[in-house]
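A short worksheet on the structure shown next.
Just so it is clear, none of the values below were taken in a lab; they were calculated from the coordinates. As the structure is a computational prediction, the values presented were derived from the model and not from experiment. Ideal geometry is used to build each Cβ from the backbone, glycine not excepted, and the neighbour counts take in all protein chains shown.
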Amino acid sequence: MAVAVYAGTFDPVTFGHLDIIHRAAAVYDRLVVTTTEGMSKAPLFSLEERLELLRANLARAANIEVLPFTGLLVEFVRSLGAPVIVRGLRAASDFESEFEMAMMNRSLAPDIETVFFVTSPQFMFVSSTLIREIAFGGGDIDPFVPPTVRDAIIEKLSRLGIEQQRPGGKG
């Protein structure tokens, strides 16, 4: 059984992430989508919230599982018996950091391959960072994230006292 792991921050999960996830799930028998608490970025959503949003948007996919991990990704991947880490590339600017990460993972775990999926053209410019910036600025994020994610962002930012665009771009 071909198993792969797709790890990311998913803060928030975007249509670009979902594009990579569904395409990878079509290639592998089982795809584990994972995220972690221990990251250098200050996330908008907690680990549990990010896992919940992933699960809500992947519930219909029979061969996709969403799990948290701690420690080194390669050790988590190895514990699952997965020989592959899936990574997404949006633009040439992603390649350098992704290549560096892949080489480090290869150094730590030569038995685990990194496979890159290039995002579909309509998602090349979509990043979680840009989505957060648009949301913090009160912009319409409907074209970039599923409704469940949009609603979670609106709710989270309203608790922080930041007014958001309502669905369909209406303030």
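Dipole magnitude for the chain: about 280 debye, using +1 per Lys or Arg Cβ and -1 per Asp or Glu Cβ, origin at the Cα centre. Here the extension length gained between M1 and L80 equals 27.3 nm, from 0.36 nm per residue of separation less the Cα-Cα distance.
Of the residues P68, A56, I20, the one whose Cα sits farthest towards the positive end of the charge dipole of the stretch 13-68 is I20 (charges of +1 on Lys and Arg Cβ, -1 on Asp and Glu Cβ, taken about the Cα centre). For the chain, the spread of Cα coordinates along the three principal axes comes to 51, 31, 29 Å, biggest extent given first.
Over the residues of the chain, the helix contribution to mean residue ellipticity at 222 nm works out to -13000 deg cm²/dmol, using -39500 (n - 2.57) for each DSSP H run of at least 4.
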